[in-house]
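Scroll down for the structure; my scribbles are underneath it.
The values are calculated or read from the model by the stated rules, or taken from the named source; none is laboratory data. For clarity, every value in this text was computed on a predicted model and none was experimentally measured. Methodologically, a virtual Cβ is constructed for each residue, glycine included, from the backbone with ideal geometry; neighbour enumeration extends over all protein chains shown. With ligands, DNA and RNA removed, areas are computed over all heavy atoms of the protein, side chains included. Shrake-Rupley method; radii C 1.70, N 1.55, O 1.52, S 1.80 Å.
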Amino acid sequence: MMQCAECKGKLLCGLPKCPIMNRFHAQVRTAARGASYMGRAPSVFVGSYGYPAVSAGPLMTADPDAPRLWVAQGLSIEDIVGIRAQTIRGSAGVEAVRGEIQEIALSSTPLDVEAAFERPVSFDLRFDGTITPVGLSGSIKKLDLIDNARVSRSVDRITSDTDLPATAACTALGTEGVDVYQISQLMSAGLLGKKRRIVPTRWAITAVDDTVGNGLKDHIRRFSPLGEVEFFTATLYGNTMAVILVPGDWRFEMIEIWGRRSLWAGEEESIVADGEGLKKQGYSPIAGAYYAARLAVAEYLSRTGRSGRAVVVRYAGSDYWAPLGSWVIREATRAAMQNEPVQCENLDAAMALTDAAIGQRGWRQKSRLIPEMITQKTLFDF
């Protein structure tokens, strides 16, 4: 069962059906199905299968596709699963819907669409640790936009600049207050950069978290260090985030723990760790969650004008029974960083608070940054 943490529903175990997916399916309400749709399309989705010959289309639902709003409204996992079970993922060749999905991505408000499908939409659940699952899928025969996009000045200016590289565009949008949720939509719809390409949604989500986070790191390294050790924590949908900030130059480490009998673990817990200095080497084994948590910490340091070293510990318990996507980690870490920090006398005190928050000490054995901070002095210590 330790394999579940790496497999995430891909059937690497050899079973005909994933028991975790079966549990998710059992919770999904029966959704209405038909061969046409008229209503809101708050966002777009681009698949990754067969890249670069991918399919794309709108996500169609009467409910907002807005994780921050879900959290603000206090929706439960069951509520979100219910919304996503009735969301339709429209699918067509990119060239057939390019203009329409770009209008939807540009708009700061959901657009109304009218879609005709090749056949009645069907239940087609797919998920991983990055994207938010969608319950229904339909091949689009015809797609029309009923109203026009409302585009903010920042988005209009930056997406109109075809001489601006994609990395610079993402950073500029983040600096101007455009949230990563819309930036990833713009990237996915091929609206950023010099050589504009449609990008699979799951790739765009992580790429935007990474790019915007790196832009913030460039500012943070110029700041003065924190005055003392700080500790933050918050829990969202069964995910507890414990964050230790230590005065110093930028370092980041994340330790991810899946508790016994949780979503991606069996009878034994699964622990994965990864970290970085000023530069990140390779793609993180923690995948999208790493970049989502790192972004939230970088946002806090940028907001407060301080630099520091961060150790983030994520504990996912059995309450997190449905994979909702990396946005959960981003919003859980943001929630932690918005709480009043606990000022700690030293690193040991912050580690003890982390133990209490996640209910165990095993994470310490996986950390490389903690021993480094204990044994090495920096210029900030003199």
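Summary table below
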quantity	calculated
ARG251 long-range amide H proximity, modeled H, under 5 Å	GLY308, ARG309, ALA310
Protein accessible area in the chain, 1.4 Å probe - carbon and sulfur %	49
Nitroxide proxy distance, nm - points 7 Å out along Cα→Cβ at TYR51 and THR304	3.5
Per-residue ³J(HN,Hα) for region 341-349, Karplus 6.51 cos²θ - 1.76 cosθ + 1.60, θ = phi - 60°, Hz, x for Gly and Pro	x, 8, 7, 9, 5, 7, 5, 4, 5
Accessible area (Å², per residue) of region 81-161, counting only protein heavy atoms and a probe of 1.4 Å	45
HN-Hα J in Hz across region 138-154 - Karplus 6.51, -1.76, 1.60, θ = phi - 60°, x for Gly and Pro	x, 7, 7, 8, 8, 9, 10, 8, 8, 10, 9, 5, 9, 10, 5, 4, 4
Added length on full extension, which subtracts the Cα-Cα distance from 0.36 nm per residue, GLN360 to ARG261	34.1 nm
Residues with amide H under 5 Å from that of ASP124, placed H, sequence gap 5 or more	LEU136, SER137
Option label - Cα extents along the principal axes in Å computed here, alternatives (i) 57, 46, 41; (ii) 67, 50, 35; (iii) 54, 52, 46	(ii)
For the chain: lysine pairs under 20 Å (alpha-carbon distance), excluding those fewer than 8 apart on one chain	4
Computed lengthening from ARG119 to GLU176, 0.36 nm per intervening residue step minus Cα-Cα distance	16.3 nm
Amide proton proximity set for GLY193, modelled H, under 5 Å, gap of 5+	ALA166
Distance from region 291-322 to region 31-65 (C-alpha centre basis), Å	30
Simple label model, 7 Å out from Cα along Cβ direction - VAL342 to ARG196, nm	4.9
Structure-based [θ]222 nm, the chain - -39500 (n - 2.57) summed over DSSP H runs of at least 4, per residue, nearest 500	-10500 deg cm²/dmol
Residue-by-residue Karplus 3J(HN,Hα) for region 53-68, coefficients 6.51, -1.76, 1.60, Hz, glycine and proline x	7, 9, 9, 8, x, x, 8, 10, 6, 6, 8, x, 9, 9, x, 5
For region 237-347, accessible area per residue (1.4 Å probe, heavy atoms of protein chains only), Å²	32
16 Å cut-off, amide nitrogen to a point 7 angstrom out along GLN376 Cα→Cβ, residues in region 228-272	246-254
Additional length obtainable on full extension of the chain from ARG157 to ALA349, 0.36 nm per residue less Cα span	64.4 nm
